[in-house]
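> Here's a structure for you.
Computed from the coordinates by the stated procedures, all read-outs in this text should not be read as laboratory data. Since we're looking at a predicted model, the values are computed, not measured. Here Cβ is always computed from backbone atoms with ideal geometry, including for glycine, and neighbour counts include all displayed protein chains.
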Ligand SMILES: [Ca+2]
């Protein structure tokens, strides 16, 4: 059997959305999302519980020194090898099969001996959503949101659109900090993690505007005009090739809107090792990415790594949805409101 390759016939269409336009997001479901209210008995944020490894070397506290929003953040600490600590939200009622925006802001200290931004030295931290059925049994967890970096950082944000399993009726948000062992760095690195501005909101995708349905309007490659970005894959630019790795490469394809596409390599395992142009100046907001993908075993007529080799696309090849298998993706990036 020929190896399966995946081609992305990709057109990037994006529009930034301001906070006033968030009709596609329902109210925040997270109780005490900014960690502002404290329980009288523990002094810790109301609606949140803490689990930790036995044997000490962990701490949790409400912190009024460095909040991102309001007056307080939630701080977790680990100081001993093998220690871990986890903050869990109260149970949140959700709708099975629905899509939720999950986000949480974080700040970190410690993590590695050099201050590297993402240098693993045995300390790790990650957010998650756990889904539960009507009987309270866990039926799944988040699959999209990524870990926090293995390094100290100022306030940053992780977010993702997560789909609840069909049988899900409730959810919890969990954030874990762990100091796995001394093996990586030879020392137990005391580390702190602050949390603020958690969100879990029912996401109702806005309708696709007419301007995004047809061929993408030509703009300067990678250019940004005010809040609205109309662009397309700049596959002919060699800076977007990732060399010497299991990453996609650009290639010519007459079915692509602009005559070039990404070709994911065969047999890379789970996931699609594709990449896209970077737009580092994009403001936070909602971006809609239109993607056409084709899976198949046929070899391409001429893989192309060159610069400026994108061919003109015949008019008949420009019809949306052309090619076997099409899919679309919605991606969202938000700052806390
Ligand atoms: Ca806060």
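> Highest mean first, how do 113-120, 206-213 rank when packing is the count of other Cβ atoms within 10 Å averaged over residues?
Final packing ranking: 113-120, 206-213.
> If you take the square roots of the eigenvalues of the alpha-carbon gyration tensor of the range 30-129 and sort them as a ≥ b ≥ c, do you get rounded (a/c under 1.5), prolate (a/b over b/c) or oblate?
Prolate, because a/c is 1.5 or more and a/b exceeds b/c.
> Against the globular-protein guess of 2.2 N^0.38 Å, express the Cα radius of gyration of the range 26-202 as a ratio, rounded to two decimals.
So the Cα radius of gyration is 1.01 times the expected 2.2 N^0.38 Å.
> So how do 63, 133 line up by other beta-carbon neighbours within 10 Å, fewest first?
Ordered from fewest to most neighbouring Cβ atoms within 10 Å, 63, 133 come out as 133, 63.
> Also: Remind me, relative contact order of the range 62-185 in percent, using alpha carbon pairs under 8 angstrom and six or more residues apart?
38
> In whole angstrom, how far apart do the alpha carbon centroids of the range 99-176 and the range 30-61 sit?
Rounded to whole Å, the Cα centres lie 17 Å apart.
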